[in-house]
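Values in this text are rule-based calculations from the coordinates and carry no lab data. Quick caveat: nothing in here was measured; it's all calculated off a predicted structure. FYI the Cβ positions are ideal-geometry reconstructions off the backbone, even for glycines, and counts take in every protein chain you see.
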Amino acid sequence: MVSDPDQFGVLNTPECKPGYLALVPEESLWKNACPAAFLLTVALYRPIAYAGKVGCPALIMPAEKDTLISLEAVRKAASKMKNARLVSLPIGHFEIYADRPFERAVEIQGDFLAEHFGMRTS
């Protein structure tokens, strides 16, 4: 699944292996593998093809320093959505899952939910 950039892996940009492995608990039974069928489906995955069909409010939060997903591709997809809010963060792909970036993301998401769905964020 994850590897160093010079090795075969589904996720093998410089940030992938350390970022992904940081999310796996030490006691986990997780194996660094994925089904081969995943590779067949991911090759056809094109969210931009469906972006224009999204009519509900959508919060898009790309990472500006992401080496796995192009910020420009995310911006392009968001621009096709009818009611999208794009909030980019100055982080890498996996940083949103821990520490201050996680806290900031939750704040932004809570505000978005409160605005669009009347939910309270306390």
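What the table below lists for this structure:
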{"item": "Hull volume in cubic angstrom per residue (convex hull over the Cα atoms of region 81-122)", "result": "79 Å³"}
{"item": "Ratio of Rg to Rh over region 54-116 (Cα coordinates, Kirkwood Rh, two decimals)", "result": "0.97"}
{"item": "Local electrostatic count, LYS53, Cβ distance below 10 Å [Lys/Arg +1, Asp/Glu -1]", "result": "+2"}
{"item": "Under 13 Å, Cβ to Cβ, from ALA22 - net charge with Lys/Arg +1 and Asp/Glu -1", "result": "-3"}
{"item": "The chain, Rg to Rh (Cα coordinates; Rh as Kirkwood inverse mean 1/r)", "result": "1.00"}
{"item": "Ranked ASP99, ASP66, criterion: other C-beta atoms within 10 Å, fewest first", "result": "ASP99, ASP66"}
{"item": "The chain: relative contact order in percent, alpha carbon pairs under 8 Å with at least 6 residues between", "result": "21 percent"}
{"item": "Sequence of CYS16, CYS34 once ranked by neighbouring C-beta atoms within 10 Å, starting from the fewest", "result": "CYS34, CYS16"}
{"item": "Largest-first principal axis extents, alpha carbons of region 1-69, Å", "result": "41, 26, 25"}
{"item": "For peptides 74-84, 23-33, sequence by mean Cβ density within 10 Å, most packed first", "result": "74-84, 23-33"}
